[in-house]
Amino acid sequence: MNRRLANALMATVLGLSLGGCAFSTPFKGPGYARGTGVTLSGDGPVVIALSKATLKAGSAGRAQFWDHTSRVHSSLDGQPGLIGYSLRRTLDGSTGWTMTVWRDDESLRAFIRSDVHRTAIKSAMDSLDNATFARFIHPRASVPPTWDEALVILERDGYSYR
């Protein structure tokens, strides 16, 4: 029996939905040090951008979506004004979230306009069932927020596409 089938069978037997189980990367970035906090110059609050992408069931574009997500992820450390980031996704790959923390709105807007981000967004459209976005100001001293906090903000204040 192949591994994917065995995992699906086990999930079914245990009554688990792999779409409900998620994992996230540790928060990291060029403007953040664990134990120290924000290291990027500045003294005011920071800008946090959140996204949630729910992919169409059985979408042939899922692999392409995650490939572009990987390219964007690889480009993050080189983005001016980036403090840090964390990515989150369900085990079955049906949903993904991003949390990026920026020095200011100008840095966030420059990233959104970057070629790697624009290409990823353009290619993702056919794979998306729904996308939700939120942007908020956050105290520099409490970076990063937890994923639990971020998910509440995204649900409460986010705006959806589709």
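No lab work stands behind these numbers, since they all come straight from the coordinates. These figures come from a predicted structure and were not determined experimentally. Virtual Cβ from ideal backbone geometry, glycine too; neighbours counted across all protein chains shown.
Along the Cα→Cβ direction, 7 angstrom out, place labels at Thr146 and Ser74. What is the inter-label distance in nm? Here the modelled spin labels are 3.4 nm apart.
Placing +1 on the Cβ of every Lys and Arg and -1 on the Cβ of every Asp and Glu, with no other charges, gives the chain a dipole of roughly 360 debye about its Cα centre. Mean residue ellipticity, 222 nm, helices only, the chain: the sum of -39500 (n - 2.57) across DSSP H runs of n ≥ 4, divided by residue count and rounded to 500, is -10500 deg cm²/dmol. Across all Cα atoms of the range 67-162, the radius of gyration (one decimal) and Dmax (whole number) stand at 13.4, 39 Å. Under the criterion of Cα pairs below 8 Å and six or more residues apart, the relative contact order for the range 19-161 equals 36 percent.
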